[in-house]
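Since the structure comes first, as structure tokens, the remarks are kept for the end.
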Amino acid sequence: MTPRHRTGAAAGGLAAALVSLALLAGGCTEATGGVRGTPGTAGLRDPYFPKLGNGGYDVRHYALTLAYDPGNGRLDGTAEITARATQDLSAFNLDLAGLTVDRASVDGAPAAVNRAGNELTLRPREEIREGAEFRTTVTYAGVPEAITDADGSEEGWLRTADGAVAVGEPAGSMTWFPGNHHPSDKAAYELTFTVPAGLEAISNGVRTSRRTTADGRVTSVWQATEPMASYLATVAIGRYETEETGGAKKSSGTEKPNGTEKPNGAGTATAQGSTAPGSTAPEATAPGSVPVLTAAERSVADASAALRGEIPEILARQTRRFGPYPFSTAGAIVTADGTLGYALETQTRPVFPAASFDRTTLVHELAHQWFGNSVSPATWRDLWLNEGFATYAEWLYTEEFEHVPARTHFERAFAQDANWTFSPADPPSAENLFDPPVYQRGAMVLHKLRETVGDAVFDEILRGWPAKYRHANASTADFTAYAESVAGRGLDALWDVWLYGDGRPDTP
Ligand code: ARG
Ligand code: ZN
């Protein structure tokens, strides 16, 4: 048999024939007909978002080609999704919120599309065999809308006065592209944006091209080559000034007409060198370095420039504690206040509202590149592995460079009632995912681990954990098992009280 089977309503007679053939051949086909494949599931049964993500396939690559008109808010998109089937598939789902699908195809053949809420079901003309790589193309358009989360925060496609900023934790990325929107399915991305002249579109990864189109708009292509969970995809469209550390400052007015830009290797973060906080970042060129591209909306560009300049140095310091920086590029995006209500660790290039662009938050979002972005949560229940580590990274930073011991932060956090409302490993509902226990108690768990195993073993865990699960996913159980393996002993007493325990212990 060919790798693909025919299916669909028209295949009734054929199906009967296949059944007879299969019966003659030993009867491995199911009695329901000649159809072997089944639909992939409409969700991955995440404890908080059961419908998020989809079963039956594993995305390898997204190529998103998007045009945005800030005037009317309309987005025109094509998503080309390359995936590998993890079962014989008769149909499969993509998550998409809002927008209108014009057409879809699988491996070049038109696919039937059905829409129910945020679930898009595609039925390819031919079944897809387990293990096969297939390419889905979805053409869509509309005015994307933000999502209001259970905790009241806004995410997804957020419109600004002259552009937009897209953030997706935990579920907002489905407002601007169809996909497998659960953190367990990471993929590489190519993101192409066409926007009106005078505007920039800043995204994840390395900008590989920027050119003016025949009708005078600007098209930028970004390559995010390392695996990325979809909640970490971003784009910021507006009047941005960009800076590549060590390179020249460029404003959004200076387009290169037909230029193809090489990533600037001159500005780099390095694992070496240390200067006092607040000092100018070194223009380092050490091996193992990465280019740093920052962008800030024009109105906040000057005010954010000095701190943006500290990124190479902060990454160098974190590299010493957490091991090699996991991505081939770095940076930050600073947006004017009024749209985004919080910072997010979008991959390689975290995004900040200007009001949150301070050193502590920058340290936090950069630490997420190791903890959350490279090592991603297996499900949203494991979020404390992101937030606890990123918070602890703040404590470590001030301990090492500002002479405030982590123990001081720990005791402050211990004293606050708001940190004890639930255990970090088990937020009661989606509404509580980003509550203080996930951040502060998460960090307290790590501090108690450090006090229990000692600094040397703890340092080994800090470096070994992101190495072991680099570009992968991990759960709370993976973490406790890993910590115990490095410590060389069981740590149940620690986990029972600090990670899973219900209330505040008597003593910090
Ligand atoms: N992960 C972000 C941080 O760095 C916070 C995201 C908040 N999102 C939300 N839907 N409440 O802390
Ligand atoms: Zn965080």
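The values are calculated or read from the model by the stated rules, or taken from the named source; none is laboratory data. Treat the numbers as computed from the prediction; the structure is a model and nothing was measured. Positions of Cβ are backbone-derived with ideal geometry, glycine not excepted, and every protein chain shown enters the neighbour counts.
Please work out if G43 is modelled with pLDDT of 95 or more, assigned to a loop (DSSP other than H, G, I, E, B), among the small types (G, A, S) and within 24 Å of the chain's Cα centre (by Cα). Yes, satisfied. Residues in the stretch 343-360 that are within 14 Å of ligand 1 (Cβ to nearest atom) and among the polar types (S, T, N, Q): T346, Q347, S356, T360.
This table checks each residue for (1) more than 23 Å from P70 (Cβ to Cβ); (2) within 16 Å of ligand 1 (Cβ to nearest atom); (3) touching a Phe, Trp or Tyr at 6+ places or on another chain (Cβ under 6 Å).
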position: R159; (1), (2), (3): no, no, no
position: D162; (1), (2), (3): no, no, no
position: G168; (1), (2), (3): no, yes, yes
position: T175; (1), (2), (3): no, yes, yes
position: N180; (1), (2), (3): yes, no, no
position: T194; (1), (2), (3): no, no, no
position: A197; (1), (2), (3): no, no, no
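Applying the condition of being surrounded by fewer than 23 Cβ atoms within 10 Å (Cβ to Cβ) and touching a residue at least 60 places away in the same chain (Cβ under 8 Å) to the stretch 334-343 and asking which residue is nearest to ligand 2 (Cβ to nearest atom) yields Y342. Within the stretch 425-439, is there a residue that is surrounded by 24 or more Cβ atoms within 10 Å (Cβ to Cβ), within 15 Å of ligand 2 (Cβ to nearest atom), of a type in the set (G, A, S) and closer than 23 Å to P183 by Cα? The answer is no, given that none of the residues of the stretch 425-439 is surrounded by 24 or more Cβ atoms within 10 Å (Cβ to Cβ), within 15 Å of ligand 2 (Cβ to nearest atom), of a type in the set (G, A, S) and closer than 23 Å to P183 by Cα. Report yes if L396 is within 25 Å of N473 (Cα to Cα) and within 11 Å of ligand 2 (Cβ to nearest atom), otherwise no. In short, no. Here is a check on your reading of the model: is T137 away from ligand 2 (no atom under 16 Å from the Cβ), over 18 Å from L340 (Cβ atoms), assigned to a strand (DSSP E or B) and touching a Pro at 6+ places or on another chain (Cβ under 8 Å)? Answer is no for this residue.
Would you kindly identify the strands (runs of 3 or more DSSP E) lying entirely within the stretch 150-238 that contain at least 2 residues that are surrounded by fewer than 24 Cβ atoms within 10 Å (Cβ to Cβ)? Explain how you work it out, then say what you get.
On the way: elements: 154-159, 164-167, 187-195, 200-203, 206-212, 218-228, 235-238.
The qualifying strands (runs of 3 or more DSSP E) are 154-159, 187-195, 206-212, 218-228.
Residues in the stretch 33-64 that are surrounded by fewer than 19 Cβ atoms within 10 Å (Cβ to Cβ) and among the β-branched types (V, I, T): T38, T41. For the criterion of being among the β-branched types (V, I, T) and either buried (at least 24 other Cβ atoms within 10 Å of the Cβ) or part of a loop (DSSP other than H, G, I, E, B) (or both), T348 passes.
Is it the case that some residue within the stretch 71-78 is in contact (Cβ under 8 Å) with a residue 60 or more places away in the chain, hydrophobic (A, V, I, L, M, F, W, C), assigned to a strand (DSSP E or B) and crowded, with 19+ Cβ neighbours inside 10 Å? Yes, the stretch 71-78 contains a residue that is in contact (Cβ under 8 Å) with a residue 60 or more places away in the chain, hydrophobic (A, V, I, L, M, F, W, C), assigned to a strand (DSSP E or B) and crowded, with 19+ Cβ neighbours inside 10 Å. Across the stretch 454-501, the number of residues qualifying as in contact with a helix residue (DSSP H, G or I) (Cβ under 7 Å, 6 or more places away or on another chain) and of a type in the set (D, E, K, R) comes to 3. Among residues of the stretch 309-342 being over 21 Å from V206 (Cα atoms) and among the hydrophobic types (A, V, I, L, M, F, W, C), the one that is nearest to ligand 1 (Cβ to nearest atom) is L340.
Just checking, which of T408, T391 is more than 17 Å from the chain's Cα centre (by Cα), of a type in the set (S, T, N, Q) and either within 27 Å of S230 (Cβ to Cβ) or within 14 Å of ligand 2 (Cβ to nearest atom) (or both)? Break it down stepwise before answering.
On the way: T408 fails: either within 27 Å of S230 (Cβ to Cβ) or within 14 Å of ligand 2 (Cβ to nearest atom) (or both).
Step by step, each of T408, T391 is checked, and only T391 is more than 17 Å from the chain's Cα centre (by Cα), of a type in the set (S, T, N, Q) and either within 27 Å of S230 (Cβ to Cβ) or within 14 Å of ligand 2 (Cβ to nearest atom) (or both).
Scanning the stretch 186-206 for residues that are touching a Gly at 6+ places or on another chain (Cβ under 6 Å) and closer than 16 Å to R60 by Cβ yields nothing.
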